[in-house]
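Read the structure below first, then the notes.
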Amino acid sequence: MRLILVLLCVAAVSFGLIMLSPIDPIDAYLGSQMAQVSPDQRALIAEQWGFDAPPAAQFSRWLSQLLSGELGWSHIYNQPVSDVISQRFQRSILLLGSAWLLALLVGFALGIIAGAKEGSLLDRLICGYVYVTASTPTFWLAMLALLLFSVYLGWMPTCCAGPTGVVNQDVSTLTRLHHLILPVATLALLGIAAITLHTRARMVALMRSDIALHAFAQGATRFDIAWRHGIRHASLPAITLAFASLGELFGGSILIEQVFAYPGLGQATVEAGLRSDVPLLLGIALFTALFVSIGNLIADSLYQLIDPRISKEQP
Amino acid sequence: MSAQPRFAAAAYCGLFFMLLAILASSAWWLGNSPSQMQFDARLMPPSTSHWLGTDALGRELWARTVAGLRLSFWVGLSAALLGTAIALTLAAVATLSTTLNAIISLLIDTLLSVPHLILLLLIAFALGGGTQAVIIAVAFTHWPSLTRVLRAELLTVRQAPYVAISQGFGKRRGFILVHHLLPHVFPHCIVGALLLFPHAILHEAALTFLGVGLDPSQPAIGVLLADAMRYLTAGYWWLGVFPGLGLLLMVLCIDRLAFHLRRAL
Amino acid sequence: MLQINQLNLQLPHYRKWWRREWATCIEDVTFDVQPAEIHAVIGASGAGKSLLASTIMGLLPEGAKATGQLYFDGNLLTSEHQQRLRGHQLALIPQSLNALDPLVRSQRQVSWAARRAGNPHTVAWQLAREALSHYQLDRDAQRRYPHELSGGMARRVLTAMAHVSRANLIIADEPSVGLDPQQRNRVLAALKALALEGKAVILITHDLRHALPIADRVTIMRQGRSVETTQASAFQGQGEQLQSTYARALWHALPNNAFSTSPTRLSSKEPTLA
């Protein structure tokens, strides 16, 4: 219920923002042909697309189209918006999904290790790494990776999801994966920071708790406590955080796709923004809102599960 | 243990203000060197005469980086302050009635469900780009989480006995808000603004990098890096490395300052 | 079994900003514990009882300064020694029920304690079940999470965890706090049973009245110092056999002594005011 309300608000807010824009959608559509079109023809286009109607009427028209599953026509790709999004998302989900999983696993492991012995050398190293990556611009990191591995070492391809000039179907899975490695690694590298910090905080709190003291009294080592108690206490919060930060991940993917020229949803977003493809921009905004909201929803419901105490008390 | 955070915070504050002073005065000691072209020294690698190398038009990279950092700093600062002001206003409004609270909660949820960067793109698109548009876009996307914190804080303070006593004396809501509640959340605001700051700078740079932010003719970090992208495959590494490194160091500095201040408070 | 010789303990605390000062928490405490006896350590809160337990276990917070000697089985107890003996020879029944991991079922927690005592996996699982059954916790209770157990049951889980370690010295820190009379008697009886098995038990409590029926000897602590160590039987009559005024005062402060003219012997079955 809340999800629908939020999505409706997202639709309204993004539509409102588009209406505010000083960029004339007809100009944007026509591009370089702008000068060749007479005012009559402009009026015709405007009428056809309903641009002369008041904003509220346009919004309701767009909304009713939206409800019937019609997202509009993307003029830069010359395809229905829904087709563009689904094609692009298929490529992006590979990138997003693997980066998400990698960030979760590595971040969790680092957090456990760092938190197990607060103030140790390993803890300091991991914390230092986390603070630096948290302050690193995503796209800069991607550029560095590109520079090092593709330009200097030549291990990785410099762009795109496959070799240029080869038809999409002909690209082998191995080549695809090869093109994915750098984008995934850089995207994950940034996601790791948040999860590590969160997990570490949990671990530090645990290590100071009565539970740890009791375990020490039983002769347990720090490793034992981290392994038996720590993983139980920190895993659900880490997963929850990972779900709650899907928005950040998607934002990062926009930048990463731009640097690596990876033809995913993020790149389409930038294109739509730069070339004023309004229906596509709105479609992507709504789609990502749905994506992120579902992530938030999962995160919220996981909070209930974190602790058997909560789930039992509130059936 | 309780002593160290304050020392560290004081040290960081001093360092921060020193760097800030250097950065702020750079407009004066840099002169017009960021835009000065040297056609005999184009794309020079870093050396003693060209500290960080030069770009395709023979402009000194170090001067452009410092100028870019200054620009990023001011944009980030304005955006963070504006964002904090929005967060504080909305948090205060939310405490006034349950209906307002529900509306603001919905607004927060809405903004949090769109990825920051997409919202930024939308707002920058709506406002047509430029420095002001970036500041407004960053400010309008970064208030939700701080609003949540401040609202929770305000709601707890409102339950405090001294506020109830003040209410008993017949003080008006507005009076209580200004005299009791706002002073209490002020430290949270400062820390909140400082925590917003790095995000604001990074998002500003990202937006500019994508080409919808600051004007490409300005020496902004995002512009420098977007330019560098074109020369990257040719091996002109310094164009990409140094501006980003400068940004990283500045953000790291602010982030650490915020961290220590929060611990000390 | 355990001998404590002139134990002193100082903890650091920071008095505004960086001035570190030392607070003396335990001062010149000397007593010993024999196998098959319950040695009660009685004192008001802040008397340093729980810190005494931590010192014996070697679980003091960082920066603590301890002097004096501890002997275990005649050997000087160093911190490496303590680390090796923890969970094998030394066991602690902690004061707080928060010591149970809320995310772990009780049988698993007890089996972990058995694992830490050096038992292989399958044996530990079996030992845990036996120990819990021994403390009248049925299959259902063994599968429950700590928050689903009553206070008394949780205490018995903690006792079972000390039991599976087969430790020869067991320190019980306030084991009867917050329990109703029936549950308290059950927990105290469990401790008595441990002592009857030949183990040395240190019972740390502020509750003289309920410690006396099961204790063999009693050490009274006050503000970090041991005031008196005596046989539990000395607490009778008007307290003529007690040497210190503080111990006598404690004895007289008990409701039954203060309210009745003819002092009666205490038994564990009498109704309580709690």
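The values are calculated or read from the model by the stated rules, or taken from the named source; none is laboratory data. Remember, predicted model here, so these are calculated numbers, not experimental data. Cβ coordinates were reconstructed from backbone atoms using ideal geometry, including for glycine residues, and neighbour counts include every protein chain displayed. Areas reflect the complete protein model, heavy atoms only, side chains present, ligands, DNA and RNA absent. Shrake-Rupley method; radii C 1.70, N 1.55, O 1.52, S 1.80 Å.
B:A27 - would you say it is of a type in the set (G, A, S), over 27 Å from B:P216 (Cβ atoms) and either crowded, with 18+ Cβ neighbours inside 10 Å or touching a residue at least 24 places away in the same chain (Cβ under 8 Å) (or both)?
Values: of a type in the set (G, A, S): yes; over 27 Å from B:P216 (Cβ atoms): no; either crowded, with 18+ Cβ neighbours inside 10 Å or touching a residue at least 24 places away in the same chain (Cβ under 8 Å) (or both): yes.
So B:A27 fails the test.
Okay, residues lined up against (1) within 14 Å of C:G43 (Cα to Cα); (2) among the hydrophobic types (A, V, I, L, M, F, W, C); (3) at pLDDT 90 or above; (4) surrounded by fewer than 18 Cβ atoms within 10 Å (Cβ to Cβ):
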site: C:E148; (1), (2), (3), (4): no, no, no, yes
site: C:S165; (1), (2), (3), (4): no, no, no, no
site: C:V187; (1), (2), (3), (4): no, yes, no, no
site: C:A193; (1), (2), (3), (4): no, yes, yes, yes
site: C:L196; (1), (2), (3), (4): no, yes, yes, yes
In the set C:T30, C:T24, C:T55, the lone residue that is buried (at least 16 other Cβ atoms within 10 Å of the Cβ) and either more than 14 Å from chain B (Cβ to nearest Cβ) or more than 16 Å from the chain's Cα centre (by Cα) (or both) is C:T55
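Regarding C:N119, is this residue under 16 Å from C:M161 (Cβ atoms), under 21 Å from the mean Cα position of the chain (by Cα) and surrounded by fewer than 21 Cβ atoms within 10 Å (Cβ to Cβ)?
Numbers: under 16 Å from C:M161 (Cβ atoms): yes; under 21 Å from the mean Cα position of the chain (by Cα): no; surrounded by fewer than 21 Cβ atoms within 10 Å (Cβ to Cβ): yes.
It is false that C:N119 is under 16 Å from C:M161 (Cβ atoms), under 21 Å from the mean Cα position of the chain (by Cα) and surrounded by fewer than 21 Cβ atoms within 10 Å (Cβ to Cβ).
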Across the range A:96-153, the tally of residues that are open to solvent by less than 20 Å² (accessible area, probe 1.4 Å), farther than 28 Å from A:G230 by Cα and in a helix (DSSP H, G or I) stands at 8
For the range A:230-246 the number of residues that are open to solvent by 10 Å² or more (accessible area, probe 1.4 Å) and not hydrophobic (A, V, I, L, M, F, W, C) is 4
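Being among the charged types (D, E, K, R) and in contact with a helix residue (DSSP H, G or I) (Cβ under 6 Å, 6 or more places away or on another chain) is the filter here, so list the residues in the range C:218-247 that pass it.
Restricting attention to the range C:218-247, the residues satisfying the condition of being among the charged types (D, E, K, R) are C:222, C:225, C:228, C:240.
Matches in the range C:218-247: C:R222, C:E228.
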Original post:
modelled with pLDDT under 80, open to solvent by 30 Å² or more (accessible area, probe 1.4 Å), out of contact with any Gly (no Cβ under 7 Å at 6 or more places or on another chain) and over 26 Å from B:A137 (Cα atoms): does that describe A:L67?
Top reply: yes
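If only one of B:S33, B:S72 is open to solvent by less than 40 Å² (accessible area, probe 1.4 Å), touching a strand residue (DSSP E or B) at 6+ places or on another chain (Cβ under 7 Å) and of a type in the set (G, A, S), which one is it? It would help to see each step written out before you state the result.
On the way: B:S72 fails: touching a strand residue (DSSP E or B) at 6+ places or on another chain (Cβ under 7 Å).
The conditions single out B:S33.
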In the range C:164-197, residues that are touching a residue at least 60 places away in the same chain (Cβ under 8 Å) and in a helix (DSSP H, G or I) total 7
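Please indicate, with yes or no, whether at least one residue in the range A:255-271 is without any contact (Cβ under 8 Å) to a residue 60 or more places away in the chain, more than 10 Å from chain C (Cβ to nearest Cβ) and farther than 18 Å from C:V104 by Cα.
At the first step, the residues of the range A:255-271 found to be without any contact (Cβ under 8 Å) to a residue 60 or more places away in the chain are A:269-270.
If we keep only those that are more than 10 Å from chain C (Cβ to nearest Cβ) as well, we get A:269-270.
Among the residues that remain, those that are also farther than 18 Å from C:V104 by Cα are: A:269-270.
The answer is yes; a qualifying residue exists.
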Per the filter on the range C:91-101, residues more than 13 Å from A:F216 (Cβ to Cβ) and either part of a strand (DSSP E or B) or of a type in the set (S, T, N, Q) (or both) are C:I93, C:Q95, C:S96, C:N98
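Just to check your reading of the model, which residue among A:P80, A:P54 is closer than 30 Å to A:P39 by Cβ and open to solvent by 60 Å² or more (accessible area, probe 1.4 Å)? So that I can check it myself, show each step before the final result.
Numbers: A:P80 fails: open to solvent by 60 Å² or more (accessible area, probe 1.4 Å).
Residue meeting the stated conditions: A:P54.
Give C:A99, C:A44 a once-over and let me know the one that is open to solvent by 40 Å² or more (accessible area, probe 1.4 Å) and either in contact with a His (Cβ under 8 Å, 6 or more places away or on another chain) or under 24 Å from C:Y135 (Cα atoms) (or both).
Numbers: C:A99 fails: open to solvent by 40 Å² or more (accessible area, probe 1.4 Å).
Answer to the selection: C:A44.
Which one of these is part of a loop (DSSP other than H, G, I, E, B) and either modelled with pLDDT of 85 or more or aromatic (F, W, Y) (or both): B:W74, B:W29, B:W51? Lay out the reasoning, then the answer.
Numbers: B:W74 fails: part of a loop (DSSP other than H, G, I, E, B); B:W29 fails: part of a loop (DSSP other than H, G, I, E, B).
Every option except B:W51 fails the conditions.
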Those residues of the range C:78-90 that are more than 7 Å from chain A (Cβ to nearest Cβ) and either open to solvent by less than 20 Å² (accessible area, probe 1.4 Å) or assigned to a helix (DSSP H, G or I) (or both) come to a total of 8
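Considering the range B:205-246 alone, what residues qualify as being part of a loop (DSSP other than H, G, I, E, B), at the interface with another protein chain (Cβ under 7 Å from one of its Cβ atoms) and open to solvent by less than 20 Å² (accessible area, probe 1.4 Å)? Before you say what the answer is, go through the steps one by one.
At the first step, the residues of the range B:205-246 found to be part of a loop (DSSP other than H, G, I, E, B) are B:211-220, B:233-236.
Filter once more, so that each one left must be at the interface with another protein chain (Cβ under 7 Å from one of its Cβ atoms): B:211-212, B:233, B:235.
Across the range B:205-246, the qualifying residue is only B:G235.
Does at least one position in the range B:81-103 carry a residue that is assigned to a helix (DSSP H, G or I), within 11 Å of chain A (Cβ to nearest Cβ) and farther than 16 Å from B:F209 by Cβ? First the steps, then the outcome.
Looking only at the range B:81-103, we keep the residues that are assigned to a helix (DSSP H, G or I), and these are B:81-94, B:98-103.
Checking the rest, the ones that are also within 11 Å of chain A (Cβ to nearest Cβ) come to B:102-103.
When the remaining residues are screened for being farther than 16 Å from B:F209 by Cβ, the result is B:102-103.
Looking for residues that are assigned to a helix (DSSP H, G or I), within 11 Å of chain A (Cβ to nearest Cβ) and farther than 16 Å from B:F209 by Cβ, one finds at least one in the range B:81-103, hence yes.
Which one is farthest from the other protein chains (Cβ to nearest Cβ), of the residues in the range A:169-222 that are charged (D, E, K, R) and part of a helix (DSSP H, G or I)?
Of all residues in the range A:169-222, those charged (D, E, K, R) come to A:170, A:176, A:200, A:202, A:208, A:210, A:222.
Next cut, part of a helix (DSSP H, G or I) only: A:170, A:176, A:200, A:202, A:210, A:222.
Numbers: A:D170: 24, A:R176: 21, A:R200: 14, A:R202: 12, A:D210: 4, A:R222: 12 Å.
Checking each candidate, the answer is A:D170.
The rows are residues; the columns are (1) among the hydroxyl-bearing types (S, T, Y); (2) part of a strand (DSSP E or B).
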position	(1), (2)
C:H210	no, no
C:A215	no, no
C:V218	no, yes
C:S226	yes, yes
C:T230	yes, yes
C:Q236	no, no
C:Q241	no, no
C:Y246	yes, no
C:H252	no, no
Flagged in the range C:102-116 as polar (S, T, N, Q) and crowded, with 24+ Cβ neighbours inside 10 Å, in numbering order, are C:S106, C:Q109, C:S111
Among B:A164, B:A193, the single one that is more than 10 Å from chain A (Cβ to nearest Cβ) and touching a Ser or Thr at 6+ places or on another chain (Cβ under 8 Å) is B:A193
Is it the case that some residue within the range B:249-263 is of a type in the set (D, E, K, R), open to solvent by 20 Å² or more (accessible area, probe 1.4 Å), assigned to a helix (DSSP H, G or I) and more than 9 Å from every other protein chain (Cβ to nearest Cβ)?
yes
